[in-house]
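Below is one structure, written out as structure tokens; comments come after it.
The values are calculated or read from the model by the stated rules, or taken from the named source; none is laboratory data. Just so it is clear, the structure is predicted and the values come from calculations on it, not from any experiment. Don't worry about glycine lacking a Cβ; one is built from the backbone with ideal geometry, like all the others, and counts go over all protein chains shown. Accessible surface is based on the protein model in full, side chains and every heavy atom, while ligands, DNA and RNA are left aside. Shrake-Rupley method; radii C 1.70, N 1.55, O 1.52, S 1.80 Å.
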Amino acid sequence: MKQQLSSDHSVYFESLLPWQQPAWDHLISRYDRLPHGLLFAGMQGIGKRAFVWRFVAWLLCDNRLQTIGSPNQQGACGHCKSCQWLQSGTHPDLQVLPDSSLPMMLDSEDKEATKKSKGTTKKTQKKSDTVSSEPAKTSIKVDEIRDLQPFISQGSSGRRVCVIDNADMMTVAAANALLKTLEEPREGIHLLLITDWPTKLLPTIKSRVQQVAIDHIQRDKVTDYLTNFVKQNNVIPFDNEVSLTVQIEQVLKLANGAPLAALDMLDSDWYKHRDTWIKVWLALRVGKRSNIAASDYWQKNLSIDDFIKLSEFMLMDFSRLSLGLDPLQADLNLGGYASITELTLERIQQVMGLIEDVKIARYQNVQDKMAYDRLMSSLAAL
């Protein structure tokens, strides 16, 4: 098995995200008694993959013991032989599964946070970047786990690290094959499992690894982080501190509390088009704008993937209103539109079903224009 390479290895040496400090401190304080298997679990957008790659670099760093209690305690030294191997993508003591994943693979939000920490926003990136940066979702088969055995059983002068990303995608046979390694740990071997869906892992796997509290997020640190980023990068112009606070609280709710997903939302093109979406939809519904004109307008202003995401969030709040619940997007006053409050849940779900069909068609290389035309026709009939 060959280690997969990436064009950018800087994530190994990036600074911790503020809310990750407690989890980091807890791990490195136990450097001499770390468990054989560690599980990093939680929803996308909390920065767990970024955390894991920084931890991998520290585990393999030749100077990690010297960094305890020093300013370099936050990560690998960046200049030893091990760190140089990581920077070149050729470290002999690191293996990553699945083969379709890059060792640098992050959540889309993790990747954007790394760029933004360097002062680069996604305005400079192609619209396809977010899609292509999603973690690979291929299944991990038993042969892939068996192929790890020579790497795990080889002797080493230091530590060896194996990262299994999307561990929930292991087949039952693959998970059972991994159990033997977890039950009979070899000195100096560390297995790091990452998953967005810990409930999908076999109980026998979870019982043999120790979960890192990477999903325990301090809300005040997240709020400060988002506030500072918005101010420094002028992400959205705000009239006052109150509106800024309200908007940050809102995107955190929409992102289910995931900080990087909220940051990605604030800095996205689609989030800034929410009010326009309502106006175009209302015009479509009463025939003031044709389907073709609406399709042409959105094609010029948003990628199809961004428009789908925008539509899903709008229809989510339409559904909440139809059920008598308050919308999450309080700044839009959706309850003030009779055209929205009179919609039935059945009609909304029909449109949401068509959106799912369009998403599937997108993976079959259906042209964006055709996807947009279908969506406009469905929204006009809503």
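Scanning segment 347-367 for residues that are within 20 Å of residue 313 (Cα to Cα) and not aliphatic (A, V, I, L, M) yields 347, 349, 350, 353, 356, 357, 359, 362.
Of the residues making up segment 175-216, those that are under 20 Å from residue 140 (Cα atoms), of a type in the set (Val, Ile, Thr) and assigned to a loop (DSSP other than H, G, I, E, B) number 1. Determine, yes or no, whether residue 310 is of a type in the set (A, V, I, L, M, F, W, C), in contact with a Phe, Trp or Tyr (Cβ under 8 Å, 6 or more places away or on another chain) and open to solvent by 10 Å² or more (accessible area, probe 1.4 Å). No, not satisfied. It is to be established whether one or more residues within segment 362-370 are open to solvent by less than 40 Å² (accessible area, probe 1.4 Å) and in contact with a helix residue (DSSP H, G or I) (Cβ under 7 Å, 6 or more places away or on another chain). No, segment 362-370 has no match at all. Annotation note: Cβ proximity below 7 Å between a residue of segment 274-285 that is without any contact (Cβ under 8 Å) to a residue 24 or more places away in the chain and a residue that is of a type outside the set (Lys, Arg) and open to solvent by less than 20 Å² (accessible area, probe 1.4 Å) (sequence gap 6+ or interchain) occurs for 280/294.
Mind listing whichever residues of segment 249-262 are in contact with a helix residue (DSSP H, G or I) (Cβ under 6 Å, 6 or more places away or on another chain) and hydrophobic (A, V, I, L, M, F, W, C)? If the condition is that a residue be in contact with a helix residue (DSSP H, G or I) (Cβ under 6 Å, 6 or more places away or on another chain) and hydrophobic (A, V, I, L, M, F, W, C), then 251, 252, 255, 260, 261, 262 are the ones that fit.
Any idea which residue in segment 281-307 is farthest from residue 219 (Cα to Cα), counting only those that are among the hydroxyl-bearing types (Ser, Thr, Tyr) and surrounded by fewer than 19 Cβ atoms within 10 Å (Cβ to Cβ)? Here the answer is 290.
Before we move on, is residue 374 assigned to a helix (DSSP H, G or I), open to solvent by less than 50 Å² (accessible area, probe 1.4 Å), basic (Lys, Arg) and in contact with a helix residue (DSSP H, G or I) (Cβ under 7 Å, 6 or more places away or on another chain)? No. Being assigned to a helix (DSSP H, G or I), surrounded by fewer than 14 Cβ atoms within 10 Å (Cβ to Cβ) and hydrophobic (A, V, I, L, M, F, W, C) is a property that does not hold for residue 278. In summary, helices (runs of 4 or more DSSP H) completely within segment 282-349 and bearing 3 or more residues that are under 27 Å from the mean Cα position of the chain (by Cα) and within 28 Å of residue 369 (Cα to Cα) occur at 291-301, 304-322.
Count of segment 62-87 residues, restricted to those that are surrounded by fewer than 16 Cβ atoms within 10 Å (Cβ to Cβ) and modelled with pLDDT under 85, is 7.
Note on segment 1-23: residues that are acidic (Asp, Glu) and modelled with pLDDT under 55 amount to 1. For segment 230-247, the candidate set comprises residues that are assigned to a helix (DSSP H, G or I) and either open to solvent by 80 Å² or more (accessible area, probe 1.4 Å) or more than 16 Å from residue 272 (Cβ to Cβ) (or both); within that set, the residue that is modelled with the lowest pLDDT is 242. Within segment 46-61, can one find any residue that is modelled with pLDDT under 85 and either assigned to a helix (DSSP H, G or I) or in contact with a strand residue (DSSP E or B) (Cβ under 8 Å, 6 or more places away or on another chain) (or both)? No, every residue in segment 46-61 fails to be modelled with pLDDT under 85 and either assigned to a helix (DSSP H, G or I) or in contact with a strand residue (DSSP E or B) (Cβ under 8 Å, 6 or more places away or on another chain) (or both). On the stretch given as segment 24-45, residues that are buried (at least 17 other Cβ atoms within 10 Å of the Cβ), touching a Phe, Trp or Tyr at 6+ places or on another chain (Cβ under 9 Å), closer than 14 Å to residue 161 by Cβ and modelled with pLDDT under 90 total 1. Taken over segment 152-188, the residue count meeting the criterion of being open to solvent by 10 Å² or more (accessible area, probe 1.4 Å), at pLDDT 85 or above and closer than 20 Å to residue 59 by Cβ is 1. Pairing each residue of segment 169-195 that is touching a residue at least 12 places away in the same chain (Cβ under 8 Å) with any residue that is of a type in the set (Asp, Glu) and open to solvent by 10 Å² or more (accessible area, probe 1.4 Å), provided the two are 6+ apart or on different chains, yields C-beta distances under 7 Å for 174/144; 195/168.
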